[in-house]
Structures are given as C-alpha cells and as structure tokens.
Amino acid sequence: MNYQKILFEIEEELKDFPNNGKIATYIPELSKVNPDKFGGYLYCVNGTHSSFGDAEERFSIQSISKTFGLSLAMLLKGDELWKRIDVEPSGSSYNSLYQLERENGIPRNPFINSGALVITDILLSEYDHPKDEILKFVRKISGVESIDFDESVAESEKLHGHRNAALAHLMKAFGNIHNDINTILDIYFYQCSLAMSCGELAKTFMLYANEGKILETNEEIMPPIKIQRINALMQTCGFYDEAGEFAFRVGLPGKSGVGGGIVAIHPEKYSAVVWSPKLNEKGNSLLGMEALERLTKKTGFSIF
C-alpha cells in the first residue's frame, strides 16, 4: 500500500474543501493558533511512515492526552478502576453537569472531562509527582525526550476552567474525588497542554496499534488485554457525542482534542494523526474527520 501517495491525494483533494469550522476560543491561548494549519502523519507497524503539510509542527493535543492518563491508571489500578468510572458512550456534552449529577457522580467514561478528572485524582493518590510521571510515560513510548507541557496553554486553561472545577466539586460531593481539587485541576490542565506534532503523536500511538509494545524495541509497556480495552473505549467514546459518527465514517478507534488533532489507529497496521484547528459543532476537527474518512475509503481498511 502506497500510503504516501494516498496522503498526497487527500491533501490535494481537501485544498478546496469548505472548511467552515471554528477554532476553539474558550481557551484563549488556543485562539492564537493559525486556523489554516493542516497536516497529517501515518506510521506503519513495519516502521515506514508518510506525511503531508504541517505534520512536524507541535500543537496542544488537549483531550488526546486523556489516553495517556487512562493508560497509567489502568496499569496502577486494574479492574478496580471501573468502580469509579463507567465505560459507556456519553451521548451528551463532554462537560455535562446534568448527566454527572443524574448518575450520582460516576462519569460515563474516562474520556469525558469528569472521567479524566477522576483519572487525575487516582494518579495524584498513587504518585508523588503525577505531572512528572505523565511526561515520563509519554517520552518513553514516543522516544522523544523534548516533549513537554505548554505553560502558556496550561495557564490559560487554569484561568478559564470554571466548568471543570464545577465537575470536580460535584464529584467531590458524591465522594468520587478524594484529593484537593485545585491540585487535581492543575495536573489535568497541564496534561491537556502537552504539545506534540502529528509525527510524534503517530509514533506514540503505535503502542495502541502494536499490542502494547514499543515498535522499535519490542518492549511491552502494557499487556494486550488492556490495550484492547483502551482501543474499545476509543472506538465507542473517543469523540464525545460524535463517536458513532466517527465509527460510521472512519471505522477506526481514535481520540480527538479541541486543539484540532485527531489520532486513529488500525490495530496491527498503523497509527494515523491529522491536525486542523477548525472544529465542527461537536468539538472535533472538521477537516481531520474528512481526511481520515478518505483514508479508510482509499485504503479499504477499517476494523469492520
């Protein structure tokens, strides 16, 4: 399969695509990003890779980072984790207070904001320095030591993260948050601020395409059963209340972020990342969704 040819075809086809999405502005620092940025990267299990556009420019990965926090929590807590978080699609906004209250402070899944805050609470209980552990994990599975948090994005989120604070306080009232809320929020905002390129993300997510092993060294970081469960959660919950649409159009497990990035993996085949900052009404990259749909159509590969 000539993936480079396919990626160039997609890039060319989408030059005149009506990208009428809107860049995220509720985190002011994200509103400074050039809305016309567009790049993609595909990393294969055979070690080859292909790319186009702004694939090497770092951006704020936002909720894509929730996959890393979840991975650490699953390694630490095993099945005990699911006593505090469910594994069902939300069908509601990713920051819904109504759904959380109706369900007695148990988040619907670990990829909505309330679920990620519970994950952060668990990491804070288990680690002395959770931010360091998150960075260590990402750097190890990516092989890139220069990956870091974006301080300006983290600080911007802190100043405007009132709804996340409300979610944390509501769960605290239900007994599902155990640590200091301000500390939890600080860790969570820093995690979301991780800055990575399409190429770095594609290489990192090979862990989830390669049965829990680092591709270059074959070192097992996570057992295959945990990778299967993370992939299942990405398939059913990775796009908030648009997970069904992504499954229908693209047919791959994946995770999006309001920074405009989308990562999708085909187990035992490849990891693909697209970045375009303009978002649709559900908060997912409009051009990214279109590009990945064309990728699976042109290759004929999906998990279905």
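No lab work stands behind these numbers, since they all come straight from the coordinates. All values reported here derive from a predicted model rather than from experimental measurement. So basically every Cβ, Gly included, is an ideal-geometry build from the backbone, and we count neighbours across all protein chains shown.
Computed from backbone phi with θ = phi - 60° and the Karplus coefficients 6.51, -1.76 and 1.60, the 3J(HN,Hα) list for the stretch 104-117 is 6, x, 9, x, 5, 7, x, 9, 7, 4, 5, x, 5, 5 Hz; x is used for glycine and proline. Working note: Cα gyration tensor of the stretch 118-254, eigenvalues times five, square-rooted, sorted largest first, giving semi-axes of 26, 20, 16 Å.
Which value at 222 nm does the chain reach when only helices count, each DSSP H run of 4 or more adding -39,500 (n - 2.57), with the total divided by all residues and rounded to the nearest 500 deg cm²/dmol? Here the helix-only value at 222 nm equals -13500 deg cm²/dmol. Across the stretch 296-302, computed HN-Hα scalar couplings (Karplus, 6.51 cos²θ - 1.76 cosθ + 1.60, θ = phi - 60°) run 6, 5, 6, 8, x, 9, 9 Hz from first to last residue, x flagging Gly and Pro. Here residue 248 and residue 217 are evaluated by their C-beta separation; at R0 = 51 Å the FRET efficiency comes out at 0.90. With neighbours defined as other Cβ atoms within 10 Å of a residue's Cβ, the residues 76, 194 order from fewest to most as 76, 194. In terms of its Cα atoms, the stretch 140-218 spans 45, 29, 16 Å along the principal axes, sorted from long to short.
How much net charge surrounds residue 136 when only other residues with a Cβ under 15 Å from its Cβ are counted (Lys, Arg +1; Asp, Glu -1)? Value of the local net charge: -4.
Rounded to the nearest 20 debye, the dipole size of the stretch 1-154 about its Cα centre is 240 debye, using +1 on the Cβ of Lys and Arg and -1 on the Cβ of Asp and Glu. The mean sequence distance of close C-alpha pairs (under 8 Å, at least 6 residues apart), as a share of the length of the stretch 3-298, puts its relative contact order at 29 percent. In terms of surrounding Cβ atoms within a 10 Å radius of their Cβ, 205, 174 rank from fewest to most as 174, 205. Principal axis analysis of the Cα atoms in the chain yields extents of 53, 41, 36 Å, listed in decreasing size.
Proximity of backbone amide H atoms, modeled 1.01 Å from N, is registered between residue 213 and 221 at under 5 Å, excluding neighbours fewer than 5 places apart on the same chain.
Under the convention that each Lys and Arg Cβ holds +1 and each Asp and Glu Cβ holds -1, the size of the dipole of the chain around its Cα centre is about 500 debye. Annotation for residue 46 and residue 12: the two label points, set 7 Å from Cα along the Cα-Cβ direction, are 2.3 nm apart.
Among the GluC sites (Glu not before Pro) within the stretch 206-248, those in coil by DSSP and having at most 14 neighbouring Cβ atoms inside 10 Å are 216, 219.
Stretching residue 129 away from residue 229 to a fully extended chain increases their span by 33.4 nm, per 0.36 nm per residue minus the current alpha-carbon distance. Its alpha carbons considered, the stretch 172-242 gives a radius of gyration followed by a Dmax of 15.8, 46 Å. Computed from label points 7 Å out along Cα-Cβ, the spacing between residue 80 and residue 26 is 3.4 nm.
Neighbour counting of Cβ atoms within 10 Å sorts the residues 25, 299, 67, 48, fewest neighbours leading, into 25, 48, 299, 67.
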